[in-house]
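In what follows, a single structure is set out as structure tokens and then discussed.
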Amino acid sequence: MKYGKNIAVILIAIFAFAVSINVYASDALVKGDAAFAKGEYKKAVDLYIAAAQEAPDSYEANWKVTMASDYYGVSIKVAHAPGWQKQCTQIGKTGMIYAEKAQKINPQGVEGYHWEAMSIGLYADGVSVVTAIKEGILGKTTRCIENAYKYGKSYDDWGPTFGMAMFYSQLPWPMKKMDKALKYFKEYEANSAHINDAKNRVAYSAQFISQLKGKEYVEFKDRVEKLLVELESYEEPYYRDIAKDIRKKLK
């Protein structure tokens, strides 16, 4: 009888410990969500990492580390803070690590693949696209963007579809495939609500359209003008400079 009571006490203790871990992880997630909503991306990254460390099997905690890392890295790149390339490289690596953990937990979850593709892009911003390709990252990128499209092409206001277009349009020659990129860009434009577009998505869209020729460009001429006006309205010089460069190119 005494043995049975001991077992019961042990089981209760284990259960209580497991519950306390989940409560802590859940608390960190909630705080991370609040920080992210305020634009406090570095704080959000740290909180999501804490949640993921406390609950390693949490799909949500792991992919949110990657998502917040991407937003944090982009903010550093846009600000052109000292040493931003090195920081983007490291932040991109961190994002990839947690995204791959998320993929193992949920192999059919769009978030893990979508945000890893963004982290790879951030990493490439730090080391250059050519260097990233030489390091063998192309295969990983292809896997991520294709799986994101496969498992949830409309996620994040058709983000994976937009990602496909940007991927094939930004590769160096001879890997660049503008016909394929245009197909996905048209699908994105036809379906996206364009509600509160991320600033970098506005910039990438304008840059993409500026590469088009002939009737393809004419089709999106009005759209690119709206995008340029929006870029010119942003307070960050980074985006206004992009608009200025595109206008010079289109003259």
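Just one of the listed residues (Trp84, Trp115) is of a type in the set (Phe, Trp, Tyr), at pLDDT below 95 and under 20 Å from Lys43 (Cα atoms), namely Trp84. Screening the candidates Lys186, Lys176 for the property of being over 23 Å from Val74 (Cα atoms), over 16 Å from the mean Cα position of the chain (by Cα), in a loop (DSSP other than H, G, I, E, B) and of a type outside the set (Val, Ile, Thr) yields one hit, Lys176.
In the set (1) loosely packed, with under 15 Cβ neighbours inside 10 Å; (2) among the basic types (Lys, Arg); (3) over 17 Å from Gln211 (Cα atoms), Lys177 fails one condition alone, (3).
Residues in the range 110-135 that are surrounded by 21 or more Cβ atoms within 10 Å (Cβ to Cβ) and either outside any helix (DSSP H, G or I) or of a type in the set (A, V, I, L, M, F, W, C) (or both): how many?
Just the residues of the range 110-135 that are surrounded by 21 or more Cβ atoms within 10 Å (Cβ to Cβ), to begin with: 110-124, 126, 132.
Filter again for either outside any helix (DSSP H, G or I) or of a type in the set (A, V, I, L, M, F, W, C) (or both), leaving 110, 115, 117-118, 120, 122, 124, 132.
Going through the range 110-135 one residue at a time, the tally reaches 8.
The values are calculated or read from the model by the stated rules, or taken from the named source; none is laboratory data. A quick note: this is a predicted structure, and the numbers were derived from the prediction, not measured. Here Cβ is always computed from backbone atoms with ideal geometry, including for glycine, and neighbour counts include all displayed protein chains.
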